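Comments concern the structure below.
Read-outs: derived from the displayed coordinates by stated rules, not from any lab. Fair warning: this is a prediction, and the values are worked out from it, not measured in the lab. Note that we place each Cβ from the backbone using ideal geometry, even for glycine, and neighbour counts take in every protein chain shown.
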Amino acid sequence: MIIAIDGPAGVGKSTVAKLLARRLGYLYLDTGALYRAVAWKALQSRIRPADHAQVATLLLTTSIHMQFHQGAMQVLVDGFDVTGQLRTPEVTAAASIVSAIPAVREWLLPIQRQIGQGGSVVAEGRDIGTKVFPSASFKFFLEADADVRVARRHRELVAAGRGESIEATSHDLSTRDHRDRTRSVDPLVPAMDARFIDTSTLSPDQVVEQMIAAVSTGS
Ligand code: DC
């Protein structure tokens, strides 16, 4: 059983996906972490994330694995646990850039699908319902008003000790959004059969309740 959750940054995907996975006893698969891992490796190797050819070549000597321990996910790049290094602003910006490279998306596809074969999974990303798991049992597409998304992301950054101006957060979010929605391969679009949830005025628990209601009634 696979539950796909897609949507842009700041709609609460990760929080909700984690909560839902815990409630159902499913594995939580954060596919963005895989794109972040590729970005991390490119930055470590001093390769420009926008250099398609060099990033594609880099993948030939890269291995990425995910490990699951008590519901938490660890990302190993070439055998090293880099989980704690994937949320810096540099990796965030580079991940958005490498995720538009077709070779990167192609390379990460079997890794994601293999994890999906492991059992019941809540998978979160941008192309889960459309590309990675097109036959997922349930597909949700989360949305929220732009100002709510910016405020949420800004709060997360401040909580992580990375205070920046709200204008900078807004600019970063809209740049990433634009790139995600307009890239040539697997752009961020709702699957035809996705259920939409507007999270602007809902708490994470309320969103999860809606999802559980949909899953349990099959509606
Ligand atoms: O969800 P996130 O912020 O951790 O994702 C990091 C980047 O990876 C984001 O800019 C979009 C990209 N991404 C993607 O293209 N497809 C996915 N399934 C997940 C993430």
(request) Please indicate, with yes or no, whether at least one residue in the range 193-213 is charged (D, E, K, R), touching a residue at least 40 places away in the same chain (Cβ under 8 Å) and surrounded by 15 or more Cβ atoms within 10 Å (Cβ to Cβ). (result) yes
(message) Which residue is farthest from the chain's Cα centre (by Cα), if the candidates are limited to the range 61-77 and must be closer than 12 Å to LYS41 by Cα and loosely packed, with under 13 Cβ neighbours inside 10 Å?
(response) THR61
(request) Six or more apart or on different chains, Cβ under 6 Å: which pairs go from a residue in the range 146-170 that's under 12 Å from ALA9 (Cα atoms) to one that's surrounded by 13 or more Cβ atoms within 10 Å (Cβ to Cβ) and basic (Lys, Arg)? Could you list them? (result) THR169/ARG153
(request) Check every one of the helices (runs of 4 or more DSSP H) wholly within the range 1-102 and list those with 2 or more residues that are of a type outside the set (Val, Ile, Thr), touching a residue at least 60 places away in the same chain (Cβ under 8 Å) and out of contact with any helix residue (DSSP H, G or I) (no Cβ under 7 Å at 6 or more places or on another chain). (result) 13-24, 89-98
(request) Could you please let me know if ILE3 is surrounded by 14 or more Cβ atoms within 10 Å (Cβ to Cβ), among the hydrophobic types (A, V, I, L, M, F, W, C) and farther than 24 Å from ARG176 by Cα? (result) yes
(message) For the range 103-130, which positions are small (Gly, Ala, Ser), assigned to a helix (DSSP H, G or I) and surrounded by fewer than 24 Cβ atoms within 10 Å (Cβ to Cβ)?
(response) ALA103, GLY116
(request) Scan the range 114-135 and report the pairs whose first residue is of a type in the set (Phe, Trp, Tyr) and whose second residue is near the ligand (Cβ under 10 Å from one of its atoms), with Cβ atoms within less than 6 Å and a gap of 6+ or a chain change. (result) PHE133/ALA4
(request) Filter the range 173-197 for residues that are touching a helix residue (DSSP H, G or I) at 6+ places or on another chain (Cβ under 7 Å) and assigned to a strand (DSSP E or B) and give the result. (result) ARG195, ILE197
